[in-house]
Amino acid sequence: MHGWGGTHKLFDALFDSLSAAGCDVISLDLPGFGDSAAPSPHFTTDDYADCVRGIIEKLGLCDVTVVGHSFGGRLAILLGVCPLVSAIVLVDGAGIKPRFSFRKWLRVGWYKRAKKRGSDLSGFGSADYKALSGDMREIFVRVVNRHLDNDLKKINVPTLLIWGKNDKETPLYMAKRIKRVVKDCGLVVLEGGHFAYLENSRQFCAIVRNFVFSALYTVHY
């Protein structure tokens, strides 16, 4: 499952690697991205996760390993309690409440004052936010404000974290926090940033492939 603004093509290398190893692989364009239709204006993170769960059920799958990058990682966290999912991989996953920072506090204060005065707000917001309009912008706001820290405690399947050492979007401290909370959890740190899995594609594919077969062995034997 790709990150916000991405498509299934970002996982082409992993798709090919796992397929060549004999796995059945499904790569998705989440609602509103790639070739998928736009979702309902009231869509939430949980609705996105329900869509993926519905696909798993519709196709009659079981012992599924779910892999999600960034926004896709949010969905993987929520799918960690699905009985049809046997393992999850969070790749620079989002959803963890960020640390307090004075800089962020100032930005929020500036935004609130500008909004109260009726000033132009076009300069505020992340690049992802500015690239959106209409319903998708409102959905994005709901998504980024849904923190999943409490949901981590519910994950009951083997979990692998793959993180970029210099990730600025979802910093490495978030991975370390996840690792402390999730019971059966490992962490692999790659050189690079938020898209370290693309920067180290061969290494990333080998790590996920080994984890997938390890998880299957644990489940079946």
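Derivation of every value follows stated rules applied to the coordinates shown; laboratory data play no part. Remember, predicted model here, so these are calculated numbers, not experimental data. All Cβ positions, even for glycine, are placed from backbone atoms using ideal geometry, and neighbour counts span all protein chains on display.
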- Query: What FRET efficiency do you get for His42 and Val81 if R0 is 30 Å and r is their Cβ-Cβ distance, rounded to the nearest 0.05?
  - Reply: 0.85
- Length gained when the stretch Asp50-Glu169 is fully extended (0.36 nm per residue, less Cα-Cα span): 40.3 nm
- Message: Going by amide H atoms built from the backbone, whose H comes under 5 Å of the H on Glu169, apart from near neighbours?
- Response: His194
- Note on the structure: Sorted by chain and number, the residues with a modelled amide H under 5 Å from that of Val188, at a separation of 5 or more or across chains, are Leu161, Ile162, Trp163
- Task: Would you mind ranking Tyr173, Tyr48, Tyr197 so that the residue whose beta carbon has the fewest other beta carbons within 10 Å leads the list?
- Result: Tyr173, Tyr48, Tyr197
- Item | Karplus-derived 3J(HN,Hα), 6.51/-1.76/1.60, for each residue of the range 159-173, Hz, glycine and proline x | 10, 10, 10, 10, 9, x, 4, 10, 4, 9, 6, 10, x, 4, 4
- At a Förster radius of 22 Å, what calculated FRET efficiency corresponds to the Cβ-Cβ distance of Asn150 and Asp24, to the nearest 0.05? 0.10
- What is the fewest-to-most order of Asp16, Asp35 by other Cβ atoms lying within 10 Å of their Cβ? Asp35, Asp16
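Note down the net charge around Val182, summing +1 for each Lys or Arg and -1 for each Asp or Glu among other residues with Cβ under 12 Å from its Cβ.
+4
Based on other C-beta atoms within 10 Å, arrange Cys62, Cys185 from fewest to most.
The order, fewest Cβ neighbours first, is Cys62, Cys185.
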- Query: How high is the FRET efficiency between Lys9 and Glu191 when r is their beta carbon distance and R₀ equals 35 Å, given to the nearest 0.05?
  - Reply: 0.95
